[in-house]
1. Identify the residue in the stretch 120-134 that is modelled with pLDDT of 90 or more, part of a helix (DSSP H, G or I) and open to solvent by less than 30 Å² (accessible area, probe 1.4 Å) and, among all such residues, is farthest from residue 170 (Cα to Cα).
2. Looking only at the stretch 279-302, which residues are at pLDDT below 95 and surrounded by 12 or more Cβ atoms within 10 Å (Cβ to Cβ)?
3. Looking at (1) part of a helix (DSSP H, G or I); (2) open to solvent by less than 10 Å² (accessible area, probe 1.4 Å), which is the only condition residue 358 fails?
4. Restricting to the stretch 145-167, count the residues that are in a loop (DSSP other than H, G, I, E, B) and either open to solvent by less than 40 Å² (accessible area, probe 1.4 Å) or not acidic (Asp, Glu) (or both).
5. Out of (1) out of contact with any Phe, Trp or Tyr (no Cβ under 7 Å at 6 or more places or on another chain); (2) assigned to a helix (DSSP H, G or I); (3) among the β-branched types (Val, Ile, Thr), the odd one out for residue 171 is which?
6. Which condition breaks for residue 305 when tested against (1) open to solvent by 30 Å² or more (accessible area, probe 1.4 Å); (2) touching a residue at least 60 places away in the same chain (Cβ under 8 Å)?
7. Just give me the residues in the stretch 249-275 being crowded, with 21+ Cβ neighbours inside 10 Å and assigned to a strand (DSSP E or B), in sequence order.
8. May I ask you to list the residues in the stretch 57-89 that are acidic (Asp, Glu) and either touching a residue at least 24 places away in the same chain (Cβ under 8 Å) or within 11 Å of residue 101 (Cα to Cα) (or both)?
Amino acid sequence: PVSLWMQATLKSDEAEKSVMEDKVQQALKRVLPEEPLLAGKDFCRDMMDRAGLLVEYGKHEYLFRHKSFREYLAGVQLKEDRPYEQLYTLVDNFGEDWWTEPLRFFISSVDAQVFDQFMEKLFNSPVSEAMTTKQQLLLQTIIEEAKGQKVDALCRKLLDADTTASRQRVILDCLKTIGKPAALTALEQFRAQELAKGGTESNDVLDRAEEVIIALGGKALERASEKSISGKSLSLRNPNEQNAEYILIPGGNYWYSAMKKAVDVADCYVAKYPVTNKLYRSFIAWLKETDSGKNHASAFRAKLDRIAESEKWGPGFGDYLKGGNDNLAALFRSENDENRKFDGENQPVVGVTWYAARAYSMWLSSLEKSASYFRLANEIEWEWAAGGKQGTTGQKVREYPWPEEKGKANPKLLNFSESNIGATTPVGSYPEGATPEGLYDMAGNVWEWCSDWYGEDGTFAKLFGPETGSRRVIRGGGWGLNAEYCRSAYRNSLPPAYWSSSVGFRLVFVP
């Protein structure tokens, strides 16, 4: 009770001694009404000398030694002290840093009914009308950490004719994260009644609804707009990758920035999003099974050995592979898999090397029952997919992936330094920053590994050496960088065995 009082009333981790002692004594009287009353001053002294919970701050104040423990105690009290009434306070302060940890502790301890009531109040509140990316990230986090989950309130709000496009988008993301088939009926009704809102946003909302329906086991809608161009489908879904969508980027000719000359690029299916933690963990789970003798372990491992011997992935791969001590799951696992800033299921996987990204694409290709395969994009494909062709043949790509009329980089278009997120965001969080074809996160959020060796002159280096063949290309910029690094034509490089919390990857599909 005292911790919650400090949270809600004092808004401080420190309190005047006499006031704190009085609050403690009042609480003791409530919990021990039949016992001789212990003085608040003695109790506080005990919390200092024996528990180490409090410390003296100057001569006149107490300070909680561990802020996170006070926040935990406040969250516990929120649950114990009329939780339904406390929901208003939590909603009104949603997204404020001071309330974030108590909210997380609260949601992780309450049942599904309280969770449902929180969602109802949140999406009926003005707070949810124009959520910042930071608030959306917090919402995804508390859903993943929730002890109990229900979709009833979210489904009702989704089907409400007055729900705006911005709320619809966030609700759909919530339903995708919860992943309960109980939402399917409402989602199919949403689609059938064409309730998706908002001019240019309507396609994004409808596409998100389709993604959630498919993810929950529903049937995809065949749209006339997806028929074909020159006999090719405009998009494909990979059933071995939880129906991840790949979008056709028609080929063409453009002025390639790195080589400073016009180049041809063929039609290419590019993943709509970077590979997420959820998708990548399926690969790691498969590897764990292969190490126990299932799923053709010897064949996959033998192929990696042949690649290392031939130096197909470069001369360093052999040593990298040996460093795994025959544990492929541990070798290729994301280094940030248990980092709470980066481990959300719908956040892009980071902390993976170029070798790990190649292994993931090789795994997906091995699951294909045809000659089709998956791979990393080369630089020419990546730049073309990100920037497209502007005007007549030979002109440069767009400066940024979004249509040029949307202007320069800003926090509404991408996750970069000025967004002040301080971490990756769930894929698709910036619909306004998508390419005209519908590729998300081509600027900011994470750098993306490309297949090429880095050549200083823009060529694809063939020789392995310290100048040209020791680094692989990365594109797209990252969450902690300024706009300059997020341009469609900007290129950088890293050693293939390097990993970072700002580097991930996406794939292309070759039918």
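The values are calculated or read from the model by the stated rules, or taken from the named source; none is laboratory data. Nothing here was measured: the structure is a model prediction, and the numbers come from that model. Positions of Cβ are backbone-derived with ideal geometry, glycine not excepted, and every protein chain shown enters the neighbour counts. Just so you know, the surface numbers come from the protein's heavy atoms only, side chains and all, with ligands and any DNA or RNA stripped out. Shrake-Rupley method; radii C 1.70, N 1.55, O 1.52, S 1.80 Å.
1. The selected residue is 122.
2. Residues satisfying the conditions are 286, 287, 288, 289, 290, 291, 295, 296, 297, 300, 301.
3. With (1) part of a helix (DSSP H, G or I); (2) open to solvent by less than 10 Å² (accessible area, probe 1.4 Å) applied to residue 358, the lone miss is (2).
4. Number of matching residues: 9.
5. The single condition residue 171 does not satisfy is (1).
6. Unmet condition: (2).
7. Passing the criteria: 249, 254, 268, 269, 270, 271.
8. Those that are acidic (Asp, Glu) and either touching a residue at least 24 places away in the same chain (Cβ under 8 Å) or within 11 Å of residue 101 (Cα to Cα) (or both): 61, 71, 81.
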